[in-house]
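Every read-out reported here was derived from the displayed coordinates using simple, explicitly stated rules and does not represent laboratory data. None of the values given here were measured: they were computed from a predicted structure. All Cβ positions, even for glycine, are placed from backbone atoms using ideal geometry, and neighbour counts span all protein chains on display.
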């Protein structure tokens, strides 16, 4: 895909400003639902950056997996744990924020310095462009076959682990009365077992 | 008009990564912590893709790596949100400051 350089530059500037502004708002906005939707926007513009880099397959994977799966998962999590709660004030929170911001700026300065002064071996070989998808397939089934198979095992493990962790165990019979317990998925008021007692 | 080189992508990825780190440290909502982790993983992916396009144009090993990173990120999100759900069930809060189960 050959785009004129000026078009490429304008697209890069627009997409990168969406990424930066969106991610800052994801971190800073009060309402977590806005954050989740802005996160979807950030993922979409990162997919646009991949398209600028001639990687259509990874851009499609980014849209499918991140926007379609991870972001929806995060929205469901927000829906399941959405409770308006007054956060307890914590001592020294402001100082912590300023201190960590200073450390992050230091890290940023270090990374940007490394980015700019390292003599990258440019220009590299000519990019293969449209052939990229076929080349990824060749890689996945020849020299990256073992990581590919391990990734499938990892996904299976993650799926089973998520089910086991998120399941709520309900006994079939009430221990006290011997009656059959209602097994439906209705949200019942359950007894929290690990309530924080340190504050009172 | 100036041309977009490798360094622009690297600086963008550094900015995104540092925003993710700050959010990871300072969020009090556990869901927002998971979002910050996703932002950091995306920054790494942008790095890999930029290197793959500008330095490794023929073999594009960076693109294969970012496919793997996307896979691991999906698995991480699923397990992380399951852990978050079970924590919420037991503690009835998502405040990171009240998760002190491992503190002695």
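Shielding by partners for peptide A:36-45, expressed as the average number of C-beta atoms from other protein chains within 10 Å of each residue's C-beta, is 2. Separation of the stretch B:34-50 from the stretch A:65-96 is 19 Å, based on Cα centroids.
Can you classify the stretch A:31-138 as rounded, prolate or oblate using the Cα gyration tensor, where a ≥ b ≥ c are the square roots of its eigenvalues, rounded means a/c under 1.5, and otherwise it's prolate if a/b beats b/c and oblate if not? Verdict is oblate for the stretch A:31-138. Peptide A:107-115 has a mean shielding of 5, counted as Cβ atoms of other protein chains within 10 Å of each residue's Cβ. With the cut-off at under 18 Å, measuring from each backbone N in the stretch A:9-25 to a point 7 Å along the Cα-to-Cβ line of residue A:37 picks out A:18-19, A:21-25.
The angle between the Cα long axis of helix A:145-166 and the main principal axis of chain A comes to about 30°, on a 0 to 90 degree scale. Listing A:76, A:141, B:68 from fewest to most neighbouring C-beta atoms within 10 Å gives A:141, A:76, B:68. Would you mind pulling out the separation of the Cα centroids of the stretch B:58-76 and the stretch B:1-26, in Å? Going from one Cα centre to the other spans 19 Å. Cβ-to-Cβ counts within 10 Å put A:5, B:19, B:37 in ascending order as A:5, B:37, B:19, the fewest first.
Taking other C-beta atoms within 10 angstrom as a stand-in for reagent exposure, A:133, A:142, B:71 fall in the order A:142, A:133, B:71, fewest first. Between residue A:112 and residue A:6, the FRET efficiency from the beta-carbon distance, with R0 = 25 Å, is close to 0.50.
Specify whether the C-alpha gyration tensor of the stretch B:7-96 places it in the rounded, prolate or oblate class, a ≥ b ≥ c being the square roots of the eigenvalues: rounded for a/c under 1.5, otherwise prolate if a/b is larger than b/c and oblate if not. Provide the component values of the computation, followed by the final result.
Working: a/c = 7.21, a/b = 1.98, b/c = 3.64.
It comes out oblate by the Cα gyration axes.
Working note: 222 nm ellipticity from helices only, DSSP H runs with n ≥ 4, each -39,500 (n - 2.57), summed and divided by the residues of the protein assembly as shown, gives -22000 deg cm²/dmol to the nearest 500. Within 10 Å of the Cβ of each residue in A:93-99, the mean number of Cβ atoms contributed by other protein chains is 1.
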